[in-house]
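Okay, so here's the structure we're looking at.
The values are calculated or read from the model by the stated rules, or taken from the named source; none is laboratory data. The shown structure was predicted, so the numbers you read here are calculated from the model rather than taken from an experiment. For neighbour counting, all protein chains shown are included, and Cβ atoms are generated from backbone atoms with ideal geometry for every residue, glycine included.
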Amino acid sequence: MVNVFSIFIVMLFLMIGEWVSKITRSLIPSVFVTAILFVIGFWTFLPKNIVSSATFDTNFEGLCLALILVHLGTLMSLKQLLNQWKAVCIALFGVIGTITLTLFFGHLLFNWHSVVASVPPLSGGLVSVLIMTNGLKAQGLDQFIALPVSMLVLHSIFGYPLTSYLLKSECKRLLKNFSKDDSYVAKPIPKIQPIKSKISTDYKTSAFLITKVSLVGLFAQLFSTLIHNVINVNVIYLVFGVLAHQFCFLEDNILNKAGIANWLMYGLMAYIFSQLSLSTPQGMLSIIGEIFVLIILGIFGMFITSFILSKPFKMSWQMSFACALTALFGFPADYIMTSEVTHNMTKNKKEEHYLLSNIMPKMLVGGFATVSVASVVIASIFLKIL
């Protein structure tokens, strides 16, 4: 009964967060709502071990991380990344701007360990938080674990509405140049093409797809052992996932096709939110100010670099800044937000397709380059400089 009650509470909190985000059109991020519920629960009636009682324990987290990182590699197309190299450069330089400002000024204002623990989630997402919290535990720095989790929760408050505003401005700019006659011919929006396989679809069961992902993860672990962990295994998971996808061994978006991607993501999110059980009201209040200062510094760093690059790359500063801001949330939030904004800003399918074909590829590759790739590398490097 304890396990069933625990999974009910955990999923209820996640569900409420999603519903609030849907109702408010992402103005109130789901992670923020869910985190608040967990914090209130841990400070009042919830047992500290409720997440592990729901079977989202350390072993589950390790398995999730390996499978999801391999899976993220199947969401990326190297061809698409090359075609949108300008957006990739802007997004990555935006991350550099964030790191530069937050480390330089943050080190002058706050404790070095707390700054280093907070910055990777600011330039990445869920996976970078997981890497940092595990690394902090391994080094006995439990007092800083609330920082990366809090950063994940709070930076979206700034990121979602600001990006939405920038995308709306870009839509208005593009629509002014859009011809209302039939001169515009819709072109397919760049996407990963389906992978051809000689295996019959009857045999492509969920077990078959999960087996392939697990095999790639296993090879990644073996390679990491062979090189004596010189490169963080999380980076290797991602690289092997990309390579397996490009060589047509793994289908695109494979864990969604297997039907377990959401479950694994929920497990990771629950495990991360369980770290809030270590926080206290006094401790949380003591770090809120630091988190907000670092967020403002980080976003300002993104703005400076993206604004400078917008002119030579022949991109509006709004679109350039939006590409850089994908580091705050990544996929699928960048896809959902772009789809919602373009739909709400247009009168017909022709206009909507025009906006999507101009905006969506930039937003997707920006998010992939930062959250899926750069943040994993950055978190791995930052663990060594703690």
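Structure notes:
- Top-ranked residue in the range 288-313 [being buried (at least 20 other Cβ atoms within 10 Å of the Cβ) and β-branched (Val, Ile, Thr); ranked as nearest to residue 55 (Cα to Cα)]: 291
- Top-ranked residue of the range 70-82 - restricted to ones that are part of a helix (DSSP H, G or I) and modelled with pLDDT of 80 or more, ranked as surrounded by the fewest Cβ atoms within 10 Å (Cβ to Cβ): 71
- Selection from the range 89-119 of residues that are within 17 Å of residue 288 (Cα to Cα) and either touching a Ser or Thr at 6+ places or on another chain (Cβ under 7 Å) or small (Gly, Ala, Ser) (or both): 106, 114, 115, 117, 118, 119
- Scanning the range 106-123 for residues that are part of a helix (DSSP H, G or I) and closer than 11 Å to residue 144 by Cβ yields 112, 113, 114, 115, 116, 117, 118.
- Scanning the range 161-170 for residues that are more than 12 Å from residue 299 (Cβ to Cβ) and either buried (at least 23 other Cβ atoms within 10 Å of the Cβ) or of a type in the set (D, E, K, R) (or both) yields 167, 168, 170.
- All helices (runs of 4 or more DSSP H) inside the range 273-344 with 3 or more residues being modelled with pLDDT under 90 and under 25 Å from residue 101 (Cβ atoms): 281-310, 333-344
Conditions tested, residue by residue: (1) under 13 Å from residue 70 (Cβ atoms); (2) part of a loop (DSSP other than H, G, I, E, B).
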| position | (1), (2) |
| --- | --- |
| 217 | yes, no |
| 221 | yes, no |
| 228 | no, yes |
| 231 | no, yes |
| 234 | yes, no |
| 239 | yes, no |
| 244 | yes, no |
| 250 | yes, yes |
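- Residues (touching a residue at least 60 places away in the same chain (Cβ under 8 Å), surrounded by 17 or more Cβ atoms within 10 Å (Cβ to Cβ) and touching a Ser or Thr at 6+ places or on another chain (Cβ under 9 Å)) located in the range 234-251: 234, 235, 237, 238, 241, 242, 244, 245, 250, 251
- Single residue of the range 83-100 satisfying the filter (among the polar types (S, T, N, Q) and assigned to a helix (DSSP H, G or I)) that is farthest from residue 377 (Cα to Cα): 83
- The set of residues in the range 132-184 that are farther than 27 Å from residue 292 by Cβ, at pLDDT 80 or above and among the aromatic types (Phe, Trp, Tyr) is empty.
- Search result, residues across the range 1-45 that are surrounded by fewer than 16 Cβ atoms within 10 Å (Cβ to Cβ), of a type in the set (Phe, Trp, Tyr) and within 21 Å of residue 149 (Cβ to Cβ): 43, 45
- Among the numbered conditions (1) touching a Pro at 6+ places or on another chain (Cβ under 6 Å); (2) of a type outside the set (Gly, Ala, Ser); (3) farther than 22 Å from residue 329 by Cβ, the only one that residue 48 does not meet is (1).
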